[in-house]
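Visitor: Here's a structure for you.
The values are calculated or read from the model by the stated rules, or taken from the named source; none is laboratory data. The structure displayed is predicted, hence computed values, not measured ones. Cβ placement follows ideal geometry from the backbone for every residue including glycine, while neighbour counts extend to all protein chains displayed.
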């Protein structure tokens, strides 16, 4: 359950990208009217892929889909940090949205399968709490680090370094998930 909650937390922490939008706009020379595509490419990809990701998880295994989702998200964070041009950054955000859909589609099933029926409601509530905490802490963490460094975190190096940090954490979580992914109760 902890691995699933950390995966959901990781995905939700990405709300921090909203703090970096002005810096991203300056870095790539994108007008403010076009910067919305950073959010839209992620959200649209996530929304389109969520239901099919759940179906794939049902067929090939929730733990496998969960790990692939974390790995994709981590790779996408690293690609965002390396993006040499605007289209590359948007492409990385599409990959990120796909990875997020894989994680979010499989995490509740992992928790459900790994928890006794009498404790499922509480376990799923903890999963929801992890998502909520990530959605609050991500932007707060980005804003507070930006304030501490007098704006340095929102320079081009700052938004790139935050992608590297997130990407390396995602890769670590995916690796931990390989060993500790919840197994269905009664499964060998």
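Visitor: Looking at 111, 136, 103, can you tell me which residue is in a helix (DSSP H, G or I) and either modelled with pLDDT under 85 or touching a strand residue (DSSP E or B) at 6+ places or on another chain (Cβ under 6 Å) (or both)?
Guide: 136
Visitor: Here are some residues: 30, 44, 65. Which one is touching a residue at least 24 places away in the same chain (Cβ under 8 Å) and buried (at least 20 other Cβ atoms within 10 Å of the Cβ)?
Guide: 65
Visitor: Could you tell me which residue of the range 117-142 is surrounded by the fewest Cβ atoms within 10 Å (Cβ to Cβ), considering only residues that are in contact with a helix residue (DSSP H, G or I) (Cβ under 9 Å, 6 or more places away or on another chain) and more than 16 Å from residue 7 (Cα to Cα)?
Guide: In this case the residue turns out to be 140.
Visitor: Please indicate, with yes or no, whether at least one residue in the range 33-41 is within 19 Å of residue 88 (Cβ to Cβ) and not in a helix (DSSP H, G or I).
Guide: Yes.
Visitor: Quick check, is residue 131 modelled with pLDDT of 80 or more, in a helix (DSSP H, G or I) and under 16 Å from the mean Cα position of the chain (by Cα)?
Guide: yes
Visitor: Quick check on this structure: which one of 89, 124, 70, 50 is free of Cβ contacts under 8 Å to residues at least 60 places away in the same chain and closer than 26 Å to residue 21 by Cα? It would help to see each step written out before you state the result.
Guide: Working: 89 fails: free of Cβ contacts under 8 Å to residues at least 60 places away in the same chain; 124 fails: closer than 26 Å to residue 21 by Cα; 70 fails: free of Cβ contacts under 8 Å to residues at least 60 places away in the same chain.
The conditions single out 50.
Visitor: Can you tell me which of 5, 20, 63 is part of a helix (DSSP H, G or I), closer than 14 Å to residue 110 by Cα and modelled with pLDDT under 90?
Guide: 5
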